[in-house]
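The structure under discussion appears below in the form of structure tokens.
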Amino acid sequence: MKKIQLFLYVIVLLIYIPAFSQVGIGTATPSASAKLDITSPTQGLLPPLMTTAQRDAIVSPATGLVIFNTSTNSETKNSSGWVALSSSFVPMPAIAIGTQQWMRENLDVLTYRNGDIIPQVTDPTAWAALTTGAWCYYNNDPANGSLYGKLYNWYAVNDPRGLAPTGWHVPSDAEWTILETALGGSSVAGGEMKEAGTLNWTTPNTGGNNNSGFAGLPGGFRYDGGTFSSVGFSGYWWSSTGTNATIAWLRNLYYSNGNIFRGTSNKKSGFSVRCLRD
């Protein structure tokens with residue numbers, strides 16, 4: 001009998017709820033401007049949780065669709081693609097290293113600070129021709145993005161709209177040097193910065209102890225010609241400092257030693273980005 005009553009109650013709800021102007025949950029007086037008004041001092045609204053790969057498997061996602069991407073944090077679908085709900089959202093709290101505060105993870109944003117879309121470029125020929133900002137996943141595989149974040153060319157780093165979220169910036173060459181010094185110099189700082197063990201780093205991951213909390217990963221890189229290399233072996237991070245019209249400074253960690261290497265590369269290359277608090 002109780003099952004029959006419950007069935008009839010559900011049928012009544014299905015018939016009459018669509019006729020209401022507004023629906024309130026936790027309130028008897030929903031806002032006139034809201035079709036659904038949820039009121040609670042202790043609970044929130046939880047959108048579906050999914051990975052980037054699961055998000056990309058959604059068939060014909062509607063404009064305005066909202067999810068919580070467990071790799072990039074909350075996103076919504078607009079006419080151009082998936083964008084962050086807040087361009088100033090920081091994926092993880094900062095980690096203090098010496099006098100600096102660094103993000104705990106590589107940058108993984110889809111938009112510049114002002115909300116403009118950063119193009120994703122997968123085609124190698126198109127990547128090699130770029131002179132404006134772009135990003136990609138290593139090997140164009142979203143599964144790599146969930147672990148390593150995105151690879152950006154230097155034009156995205158230097159874009160005046162701002163690649164880093166509000167309150168953060170891409171570190172200069174000099175600021176990377178400050179980090180190295182705080183960790184004992186370039187010959188040992190790499191080990192202090194690398195994630196410990198060989199879950200992600202190729203054996204032997206020499207010196208890798210992550211004493212700094214930086215948790216650097218071997219996300220590899222994209223050549224200026226559009227091909228990919230070195231995932232599992234090396235991690236590369238841009239600085240904001242260019243040397244001339246085509247070259248900029250970077251830092252590199254390697255699986256077989258504890259150094260951090262200072263070098264340069266073509267601005268068309270795709271490297272990870274780690275932000276520093278202003």
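The values are calculated or read from the model by the stated rules, or taken from the named source; none is laboratory data. Because the structure is a prediction, the values reported are computed rather than measured. All accessible areas refer to the heavy atoms of the entire protein, side chains included, with ligands and DNA or RNA removed. Shrake-Rupley method; radii C 1.70, N 1.55, O 1.52, S 1.80 Å.
The table for this structure:
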quantity: Stretch gain in nm, segment Ser31-Gln100, where the contour uses 0.36 nm per residue and the Cα spacing is subtracted; calculated: 20.3 nm
quantity: Exposure rank, largest accessible area first [Phe271, Phe68; 1.4 Å]; calculated: Phe68, Phe271
quantity: Partners for Lys194 among aspartates and glutamates (Cα-Cα distance below 14 Å; same-chain residues under 8 apart left out); calculated: Glu105, Glu180
quantity: Surface accessible to a 1.4 Å probe, per residue, for the residues of segment 142-278, Å²; calculated: 36
quantity: Carbon + sulfur, % of accessible area of segment 103-178 - ligands and nucleic acids excluded, 1.4 Å; calculated: 51
